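The values are calculated or read from the model by the stated rules, or taken from the named source; none is laboratory data. What you see is a predicted model; the values in this text were computed from it and never measured. FYI the Cβ positions are ideal-geometry reconstructions off the backbone, even for glycines, and counts take in every protein chain you see. Ligands, DNA and RNA are stripped out before the accessible areas are found, and what is left, the full protein with its side chains, is counted by its heavy atoms. Shrake-Rupley method; radii C 1.70, N 1.55, O 1.52, S 1.80 Å.
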Amino acid sequence: MSVFDRYAPFIQDFIYRNRWENLRAIQVAAGEVLFNTDENLLLTASTASGKTEAAFFPILTMFAEDPPASVGCIYIGPLKALINDQFSRLTDLCQEANISVWHWHGDVAQSHKERLLKRPSGILQITPESLEALLLHKHAAIPKLFGDLRFVVIDEVHSLLRGDRGGQTLCLIERLSRMAGVNPRRIGLSATIGDPEYAGKFLSMGTGRQTIIPKIEAKGSKWRLSMEHFYVKDTQAGDDKDIEALPVLEEKTDEAPLRADPGIGYIFEHTLGKKCLVFVNSREECETVTTTLRQYCEYKHEPDRFLIHHGNLSASYRETAEGIMKDDSLYMTTVTTATLELGIDIGRLERAFQIDAPWTVSSFLQRMGRTGRREAPPEMWFVIREDEAEPRAMLPSTIPWKLLQGIALVQLYLEERWVEPPRLDRLPYSLVYHQTMSTLASCGELSPRALADRVLKLHYFHRVNQEDYKVLLRHLIATDHIQQTEQGGLIVGITGERVINSFKFYGVFVESEEYTVRCESQELGTVVMPPPVGEKLAIAGHVWEVLDVDHKRRLVYCRQVKGSVPAYFGQCPGDLHTKILQRMRSVLAEQRQYPYLMKNAVARLNQARFTAEHSGAAAKTLINMGGTMWCLLPWVGTYTFLAMERFLKIKCSDRLGLRNFDSARPYFMQFTMKVSAEDFFRITREEIEKPIDPLELVYPKELPLFDKYDEYLPEALVKKGFAYGVLDLQELKETVMSWDGGAV
């Protein structure tokens, strides 16, 4: 029997109504796995390839034949917007078969949730955070709600593979399965998985099943891709130059606002009369760009045609933008962060813009995939913006890092179909704290042994040993997050109650919490996620060295110093993989041109290559910038770069005579030193060959709070988690050993 013949009649009718002439390969492959095996399934195929239908057609067929006695399938989506979109699509499909579809997140009405609790059935669509809240507050109802759970579908599974949120999702599925006495099959959906076999193992953890990953031959597709570069000031790299490149798309006006910021003016002109998305890399930038574009509308006496969408906006703002974008008769443009990067269908988008380069190939592909639906080719315009370097600027600041990064992301996929692999090897102590508190709050009093048994047997915590867990429990008892009863049992303490009772507890990703910066009695302003003690930050027009960080009171104490400011490490979405940095180096070194570059971008790249050739920037690791000032260009990813900074400062500083150390992670480091280049390579090689405990690369006074609940952990575990789970010592060793001693 073919997969189509196996489908329930209402599914076949749906296919006929939509005039599908045949099933897609992914739908056939998924049907064969779900109908004919009991294994898990990972579907990897391009955006808009029909993955959701491929998974749900067989599931709904089986539910129509044998209705589950509880919720039969949980669909876990990373974003509320995605769940809302899929809810309406699934509801239409399921009405005819009388299969219930429920959704559950912070914006869903309580009455809808109450109906589910009274009559659990069909499909439940939920975010990881809402599932956490459900397990916490409806613990006793879990067996009734999920006693006949057969499937868990995880959409956009790639978005959960590079941080604690994916670990949380896996822990929640495992905890729920234990409580309900079920072992549902798991189905992962993604357009951009870098290492499917590794991701398949992650998906199957604790199920006793294998993950089948059908090989789907992707059809060749054409892209409309362009990349243009703009200096924020008026004079552009391609002005008055005869260059073979895509034509410059001229602005239609020289009016003041468009000339004030040519890159934003370019976006303003080329979104007119079209339906577009403009992707930015931060909420702050999202707000700034939207405000500027709306000011341009006001200046030109045009109606406002720009919307905004990011995670900190209210539900009404987000849903209004989504609704307007779905209306194909309205030619609006939405400025957005990653919140519209994932699978939500917002109609026929004509064009996507990307301001600067995203951090990952995966993100680039997802954003490109927002366009090109309904038979049109995907179309993305990169807009790379930078301030023009001062004439006497040091070499590293003359390199167009974001332009190189954008080209590298595109080329890695075009040449190798490479996407970042999952990152599942960290020591997730922050998540261990979170799941410990959640388990204790939902279960009530447990003995230390019973609590350890429930938490440490979650498969995601396979790297966490019992001794570390004892250290954690003792610390939580000492800090009143947990209390020990007279009978020796453990319950949530008063301090722990305050943490758990906040709605922010359900999530494990870091919210943007502001810290007030002070110098003595003077208040300087606020920053988000301050750098550690000893590093620098810029605020109020000056540079300051951090003396102390009070994480409880959200205060940063500092003193004014001279010098420039290094970037400091961000959270998981902001890490660059070493392979991207290495491809950036190749872009700088090779002489080939890329057909998607426009005039200014070609001119800026040519200029950078000329500088690199004469300075040795692409070929040499260490470059002398005059006197005792040096620049190190390691071309390694963020976490290896972090380890290298610490290795040089902690292990090599005295022998090298390092001073005035400054860095722009993960691109370059600048410093003065007393030794020659040859001595630098000899000394670093000698030091890296010595045994190094990763904990030795944590600064003496540093408490590297990296994940959301690190502040509640004992210092020893914070440092161990950072040293062993974040710093990439192995790649650091390989990199230093590979240096050939070349320098100018």
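Working carefully through the options 40, 36, find the one that is closer than 30 Å to residue 417 by Cβ and free of Cβ contacts under 8 Å to residues at least 12 places away in the same chain. Matching residue, one of 40, 36: 36. Counting the residues of segment 135-169 that are out of contact with any strand residue (DSSP E or B) (no Cβ under 7 Å at 6 or more places or on another chain), of a type in the set (A, V, I, L, M) and either over 16 Å from residue 188 (Cα atoms) or without any contact (Cβ under 8 Å) to a residue 24 or more places away in the chain (or both) gives 6. Among the residues of segment 681-702, those identified as surrounded by fewer than 18 Cβ atoms within 10 Å (Cβ to Cβ), under 20 Å from residue 531 (Cα atoms) and not charged (D, E, K, R) are 695, 699, 700. Of all the residues in segment 169-201, those that are under 26 Å from the mean Cα position of the chain (by Cα), surrounded by fewer than 20 Cβ atoms within 10 Å (Cβ to Cβ) and assigned to a loop (DSSP other than H, G, I, E, B) number 1. A single entry from 90, 82 fulfils the requirement of being within 27 Å of residue 141 (Cα to Cα), open to solvent by less than 50 Å² (accessible area, probe 1.4 Å), touching an Asp or Glu at 6+ places or on another chain (Cβ under 8 Å) and modelled with pLDDT under 85: 82.
Per-residue answers, yes or no, for (1) closer than 18 Å to residue 636 by Cα; (2) open to solvent by 30 Å² or more (accessible area, probe 1.4 Å); (3) modelled with pLDDT of 95 or more:
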| residue | (1), (2), (3) |
| --- | --- |
| 354 | no, no, yes |
| 357 | yes, no, no |
| 361 | yes, no, no |
| 366 | no, no, no |
| 373 | no, yes, no |
| 377 | no, yes, no |
| 393 | no, yes, no |
| 419 | yes, no, no |
| 427 | no, no, no |
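With respect to being open to solvent by 40 Å² or more (accessible area, probe 1.4 Å), modelled with pLDDT of 95 or more and out of contact with any His (no Cβ under 8 Å at 6 or more places or on another chain), residue 467 fits the description. Only residues that are modelled with pLDDT under 90 and in a loop (DSSP other than H, G, I, E, B) were counted in segment 101-126, giving 5. Among the residues examined, residue 337 qualifies as open to solvent by 10 Å² or more (accessible area, probe 1.4 Å) and either among the hydrophobic types (A, V, I, L, M, F, W, C) or modelled with pLDDT of 80 or more (or both). Restricting attention to segment 50-99, the residues being among the hydroxyl-bearing types (Ser, Thr, Tyr) and within 24 Å of the chain's Cα centre (by Cα) number 2. Could you check, for segment 202-213, whether at least one of its residues is open to solvent by less than 10 Å² (accessible area, probe 1.4 Å), modelled with pLDDT of 85 or more, of a type outside the set (A, V, I, L, M) and touching a Ser or Thr at 6+ places or on another chain (Cβ under 8 Å)? Scanning segment 202-213, I find no residue that is open to solvent by less than 10 Å² (accessible area, probe 1.4 Å), modelled with pLDDT of 85 or more, of a type outside the set (A, V, I, L, M) and touching a Ser or Thr at 6+ places or on another chain (Cβ under 8 Å), so the answer is no. Note on segment 703-721: residues that are among the charged types (D, E, K, R) and open to solvent by less than 20 Å² (accessible area, probe 1.4 Å) total 1. Only a single item in (1) modelled with pLDDT under 90; (2) crowded, with 23+ Cβ neighbours inside 10 Å; (3) not in a helix (DSSP H, G or I) is not met by residue 166, and it is number (3). Residues in segment 607-626 that are touching a residue at least 24 places away in the same chain (Cβ under 8 Å) and more than 24 Å from residue 735 (Cα to Cα): 607, 608, 611.
Within segment 78-115, the residues that satisfy the criterion of being touching a Leu at 6+ places or on another chain (Cβ under 8 Å) and touching a residue at least 24 places away in the same chain (Cβ under 8 Å) are 78, 79, 81, 82, 93, 94, 97, 99, 101, 102, 104. Scanning segment 623-643 for any residue that is open to solvent by less than 10 Å² (accessible area, probe 1.4 Å), over 31 Å from the mean Cα position of the chain (by Cα) and β-branched (Val, Ile, Thr) turns up at least one such residue. Going through segment 125-150 one residue at a time, which ones are surrounded by fewer than 24 Cβ atoms within 10 Å (Cβ to Cβ) and in contact with a Cys (Cβ under 8 Å, 6 or more places away or on another chain)? Once the filter is applied, which keeps residues that are surrounded by fewer than 24 Cβ atoms within 10 Å (Cβ to Cβ) and in contact with a Cys (Cβ under 8 Å, 6 or more places away or on another chain), segment 125-150 yields 139, 150. Candidates 744, 736: the one that is modelled with pLDDT under 90 and under 26 Å from residue 584 (Cβ atoms) is 744.
Every residue in segment 163-190 that is more than 13 Å from residue 78 (Cα to Cα) and among the basic types (Lys, Arg), please. Those that are more than 13 Å from residue 78 (Cα to Cα) and among the basic types (Lys, Arg): 175, 178, 185, 186.
Is there a residue being modelled with pLDDT under 70, part of a loop (DSSP other than H, G, I, E, B) and charged (D, E, K, R) anywhere in segment 272-279? So far as segment 272-279 goes, no, none of its residues is modelled with pLDDT under 70, part of a loop (DSSP other than H, G, I, E, B) and charged (D, E, K, R).
Just for segment 43-79: of the residues that are part of a strand (DSSP E or B), open to solvent by less than 10 Å² (accessible area, probe 1.4 Å) and modelled with pLDDT under 95, which one is farthest from residue 91 (Cα to Cα)? Within segment 43-79, the match that is farthest from residue 91 (Cα to Cα) is 43. Exactly one residue out of 221, 226 is out of contact with any Gly (no Cβ under 7 Å at 6 or more places or on another chain), buried (at least 16 other Cβ atoms within 10 Å of the Cβ) and either of a type outside the set (A, V, I, L, M, F, W, C) or not in a helix (DSSP H, G or I) (or both), and it is 226.
Scanning segment 448-475 for residues that are assigned to a helix (DSSP H, G or I) and under 30 Å from the mean Cα position of the chain (by Cα) turns up 454, 455, 456, 459, 460, 461, 468, 469, 472. Scanning segment 631-669 for residues that are assigned to a strand (DSSP E or B), touching a residue at least 40 places away in the same chain (Cβ under 8 Å) and either of a type in the set (A, V, I, L, M) or within 18 Å of residue 585 (Cβ to Cβ) (or both) gives 631, 663, 664, 668. Could you list, in sequence order, all residues of segment 15-42 that are in contact with a helix residue (DSSP H, G or I) (Cβ under 6 Å, 6 or more places away or on another chain), surrounded by fewer than 19 Cβ atoms within 10 Å (Cβ to Cβ) and not aliphatic (A, V, I, L, M)? The one that is in contact with a helix residue (DSSP H, G or I) (Cβ under 6 Å, 6 or more places away or on another chain), surrounded by fewer than 19 Cβ atoms within 10 Å (Cβ to Cβ) and not aliphatic (A, V, I, L, M): 35. Residues that are at pLDDT 90 or above and in a loop (DSSP other than H, G, I, E, B) are absent from segment 599-607.
When the residues of segment 379-391 are filtered to those that are at pLDDT below 85 and among the charged types (D, E, K, R), the one that is least open to solvent (accessible area, probe 1.4 Å) is 388.
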